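Read the structure below first, then the notes.
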Amino acid sequence: MTLPELLQALECDPALGAGATAGSVLALPLPATRLPHAAHVLARAPTRLAGIVCEQQDGRFALRYPFWLGAGLPWLELVTEVGAGETVPSISPRLFAADWHEREIEDLFGLTFSNHPFLGNFVLHDEIWPEQAYPMRHDFRAQDADAAPSPYQPRAMLHAEGAFLMPLGPVYGGVNEAGQFLLDTLGEDIQHCQTRLFYKYRGIEKRAEGMAAADALLLVERMNGTNAFAHALAAVQAMERAAACEVPPRAQVLRSFWAELERLRSHAATIAGLCKSTALAVPTSLAYQRVEELLRLCGAHAGHRYLFGLLSPGGLAQDLPDAAARTLATAAQAVAARLADLAEELLFDNSFIDRLEEVGLIDAKTARRYGLVGPVGRAAGHAGDLRIDQPYAAYAQCAPRPAAAEEGDNLARLRVFLAEAAESARLLPLLAAQLPAGTARGVFTPRAAAALGWSEAPAGASACFVRLRADGRIARLRLMPPAFTNWHAFHLAAEHFAYQDFPIILASFGLAMAEQDR
Amino acid sequence: MRLWALRGLRSRRDLTGFPRRIDLAPGMTPGRPLDGPAAAAAACPTGALQVEGSASRVALDRCVHCQRCRHGEHAMRWRADIAWSHGDGTPLPRAFHHSIHVRVLDAGDCGACLAELQQLPAPQYSLHRLGIFITPSPRDADVLLVVGPVTRAMRQPLLDTYAAMPAPKRVVAVGACAASGGVFGPSFACAGGVAEVLPVDRTVPGCPPPPLAVLEALLAVMGRSLPRDGEPAP
């Protein structure tokens, strides 16, 4: 479908799209009543919903629905506005990927979505937050949260003789993130799984309001500390687009360089987690050994093992000399080669493969319905990579080769993680070789404006909306990370598999709860 | 069927010399700022640098390793070390000198502290050789190791976990968030540190603290004497 055809289907002027290319955002203002129809059209076109941005503007609420299209096409942003007390027509029945975004806005802003199948008890758990507290509203005060909460009981979905509900979490296992899975079972197989997250809700978006842009970046880095660079890159690019700020070419290439190094380390950690979940002690140790080697490379060259504090609005806070970049790329490639050796051995280990193959299935239809992103989506035949579709930093001149699989099981995900780790290792020396001369530090002159930024994080497409005030402080920061998209479908992979498969399926998704909870 | 044990024996060894000696391979720790000129404090986003006369004093509990005071005009001296932990709590009784069980609890961590804890069993650190084991059950745990600023929803699970542990027990707060709230601070959603909820015996600052800093704190809780920086092993 071409852009004019799509605009025509959306009942917009096809001429609007003239000159719009990849990397630009085409805003389509429309009345709220037309949202369901637009969602219906977009759900059937090759588009992806990145999230929903809600902004309070005095008494009214502005809603934006950014969609990304395929290679060469711009972003489309449906923009609408409702008054306080008005309901918003839900688009979830037409575009299921919007489900959790609408629930989140209902919880945090108190907007009601008509025709939504299930609202409430999402971000703000019923048993600890009062019903009438809406933290993202401007008039929210901390003491509003102290009113009495309502009682909560986990609901068993399965009613049969011998059926029981097993809550797993929020404190469980060894070194795990806090989140809960409510597992309905008759004994061996998990019949129904409810993912209950937001135990780690830290109110990042609220806390960022009024902060200087550079300080807000520190918060974004700590949304998911293990993928800090990628998410901060999405946010910093939004700030730079809002301020119409030029980033030096050297910083652009270095940003891709660090992002690929982070992807390599993050994927290595996911593979290590997968080994751990299958209780293979030696491969687990060997994989974590590789992770530690990569962490030390980052620590030695960036000053921080998780690349915190590296990005700054306008460029990078510190340069990486050409020679150091080449050394680092070679060293990272050597680690990636050792990881590939281990993978080779793992893929010939029957007892390991048996735990992975045809377990944790996500089919292509589900992947499309939930709009799954990143390795989880790509392993289920749902292609899409922001580095290729909407290139940023240095990816236009140094594009990655996409990894893909069709099976959608644990093994397919492992293969995609491995292929992407190898691809990152291939890109590192290429990027190091084409580092332009000049400075990596940019000049950032903020102005009152708003923009969308994006990056392909290790877990998938990450988008960020930033509105800056005239003094350069944050008026609104909206984080739309890939974990939020992918956790939505996780329960489907876990259902109808045995209990002992659960940790393996969980590890094969490689998702952070911190990223979801924000 | 692969002979993984054999594969393990053949793989390269790079175990740290810690705790016999302080080991600082490149990239093992981000380091920390030392006291410096007063002008450097202006760049600090969390108030970790406090001006005292003409100098900036470092309150390490609040430092989030943003590295702003490491570069630029008023750059401070940073030191690569790991012995960061502090606390007034007494070590566990002598019976725990050689072995403890640790329950790790995530109270809203960003993932970096947890990732560093996950590195502890890696061959470079191998915490089991020191008699330290991570246990899933609070009933078996001697030490509660908490990461994160303690979010509203994790407050009660944290208290419940602590109550389920048998005495004697110790609480270790790991990371800037657990120590002071870090970038999340006290807010409507976060308590702003473990000490707001539970008595803390030992604090390991850092954002995140490197694995050896955590190991050092655990050994201190076990009552084992450690080499401090630059000192020979006892």
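The values are calculated or read from the model by the stated rules, or taken from the named source; none is laboratory data. From a predicted model like this one, the values you see are computed outputs, not experimental measurements. Using ideal geometry, Cβ is built from the backbone for each residue, glycine included, and neighbour counts are taken over all protein chains shown. Calculation scope for accessible area: heavy atoms of the full protein, side chains included, ligands and nucleic acids excluded. Shrake-Rupley method; radii C 1.70, N 1.55, O 1.52, S 1.80 Å.
Points worth noting:
- Gyration tensor verdict on the stretch B:32-79 (Cα atoms; rounded if a/c is under 1.5, prolate if a/b is larger than b/c, oblate otherwise): rounded
- The accessible surface of the stretch A:3-140, taken with every protein chain in place and a 1.4 Å probe, is 51 percent carbon and sulfur.
- Shielding of peptide A:7-13 by partners, expressed as the average count of other chain Cβ atoms within 10 Å per residue Cβ, is 0.
- Average beta carbon contacts from partner chains per residue of A:202-211, 10 Å cutoff: 4
- Pairwise FRET efficiency - A:Asp58 versus A:Arg34, Cβ, R0 = 25 Å, nearest 0.05: 0.60
- Proportion of all alpha-carbon pairs of the stretch A:369-518 beyond 23 Å (%): 48
- The residues of the stretch A:211-480 present an accessible area of 30 Å² per residue when probed at 1.4 Å with all protein chains retained.
- Shielding of B:144-157 by partner chains, average beta-carbon count, 10 Å: 5
- Using θ = phi - 60° and Karplus 6.51 cos²θ - 1.76 cosθ + 1.60, couplings along the stretch A:159-171 (whole Hz; Gly, Pro as x): 10, 7, 5, x, 6, 8, 9, 10, x, 10, x, x, 10
- Model label sites at A:Tyr499 and A:Asp349, defined 7 Å from Cα along the beta-carbon direction, differ in position by 2.5 nm.
- Dimensionless Rg over Rh [the stretch A:296-347; C-alpha; Kirkwood]: 1.12
- Rounded to the nearest 10 Å², the accessible area of A:Phe490 at probe 1.4 Å: 0
- Alpha-carbon centroids, the stretch A:338-390 and the stretch A:256-277: separation in whole Å: 14
- Distant-in-sequence amide H partners of A:Gly23 (H built 1.01 Å from N, under 5 Å): A:Trp75
- Rg ratio for the stretch A:294-430: its Cα radius of gyration over 2.2 N^0.38 Å, N being its residue count, equals 1.22.
- Association of chains B and A removes close to 5300 square angstrom of accessible area from solvent, both sides included, for a probe radius of 1.4 Å.
- A straight line joining the Cα centroids of the stretch B:161-230 and the stretch A:81-104 runs 41 Å.
- Accessible area of A:Asp363 (1.4 Å probe, protein heavy atoms only, ligands and nucleic acids ignored): about 80 Å².
- DSSP bridge pairs, chain B: antiparallel proportion in percent, nearest 5: 40
- With R₀ fixed at 35 Å, the C-beta to C-beta distance from A:Phe164 to A:Arg44 puts the FRET efficiency at about 0.30.
- Rough spin-label spacing in nm, given labels placed 7 Å along Cα→Cβ, for B:Ala95 and B:Ala83: 3.0
- Accessible heavy-atom area order of A:Glu209, B:Glu216, A:Glu407, highest first, probe of 1.4 Å: A:Glu407, A:Glu209, B:Glu216
- Bridge type composition, the stretch A:3-140 - antiparallel percent by DSSP, nearest 5: 65
- Modelled label positions at A:Gln194 and B:Ser11, each set 7 Å beyond Cα in the direction of Cβ, lie 4.0 nm from each other.
- Extension gain, A:Glu131 to A:Gln397: 0.36 nm times the residue separation minus the Cα-Cα distance gives 90.7 nm.
- Accessible-area ranking of A:His267, A:His40, B:His98, largest first, probe 1.4 Å: B:His98, A:His40, A:His267
- Rg/Rg_ref, the stretch A:263-374, where Rg_ref = 2.2 N^0.38 Å and atoms are Cα: 1.33
- The length gained by stretching the chain between A:Arg141 and A:Glu406 to full extension, at 0.36 nm per residue less their Cα-Cα distance, is 90.5 nm.
- Taken along its three principal axes, the alpha carbon spread of the stretch A:130-182 comes to 48, 31, 16 Å, from the longest extent down to the shortest.
- If the chain linking A:Ala279 and A:Thr330 were pulled fully straight, counting 0.36 nm for each residue of separation and taking away their Cα-Cα distance, it would gain 15.2 nm.
- Among beta bridges from DSSP that stay inside the protein assembly as shown, the antiparallel ones total about 70%.
- Rounded to the nearest 10 Å², the accessible area of A:Glu188 at probe 1.4 Å: 110
- DSSP-assigned coil residues among GluC sites (Glu not before Pro) in the stretch A:334-399, each with at most 15 further Cβ atoms within 10 Å: A:Glu357, A:Glu358
- Cα gyration tensor category, rounded, prolate or oblate, for chain B with a/c compared to 1.5: oblate
- Here the protein assembly as shown is treated as a Stokes sphere of Kirkwood radius computed over C-alpha pairs; at 10 °C and 1.306 mPa s its diffusion coefficient rounds to 60 µm²/s.
- Carbon-plus-sulfur accessible fraction, chain B (probe radius 1.4 Å, protein heavy atoms only): 52%.
- Cα gyration tensor shape for the stretch A:35-147, rounded if a/c is under 1.5, else prolate or oblate: prolate
- Principal semi-axes in Å for the stretch A:211-480 [√(5λ), Cα gyration tensor, largest first]: 32, 22, 15
- Relative packing of peptides A:59-65, A:424-430 - highest average C-beta neighbours within 10 Å first: A:424-430, A:59-65
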